[in-house]
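These notes concern the structure reproduced below.
What follows draws every value from the coordinates through simple rules; no lab data is involved. A quick note: this is a predicted structure, and the numbers were derived from the prediction, not measured. Note: ideal-geometry Cβ built from the backbone for every residue, glycine included; neighbour counts use all protein chains shown.
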C-alpha cells in the first residue's frame, strides 16, 4: 500500500493528491509539505496527481495529510 524506498539514508514516498490542476497548485502543495521536519525534497505533478517526497525518515501520514489540507487539496493515499 505504501510506496517507500530507502536510498542512502533517505526515504522516498509517492502520495496521491486530488484537486491539483496547475503549476500554482503544485507549488502550494510542495511549499506546505516542505515545511515538515526531515523533508529534503518535494516534487508535485498536477497532471498525475502524484507528489514525491524525499525525507530523512518515514513521515507521519497524518502530518502530510494536514499539510496537503492546508494547501487546499486532499491526500487520497500513497501511489
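In the chain, the calculated helix contribution to ellipticity at 222 nm averages -9000 deg cm²/dmol per residue, counting -39,500 (n - 2.57) for every DSSP H run with n ≥ 4. Relative to the dominant Cα principal axis of the chain, helix 61-71 is inclined by about 30°. For the chain, the longest principal axis of the C-alpha atoms and the axis of helix 23-34 are separated by about 40°. Which residues in segment 19-48 have a backbone N closer than 19 Å to a point placed 7 Å from the Cα of residue 8 along the Cα-to-Cβ line? Answer for segment 19-48: 38-43. For the pair residue 52 and residue 21, the difference between a 0.36 nm per residue extended length and the Cα-Cα distance amounts to 9.5 nm.
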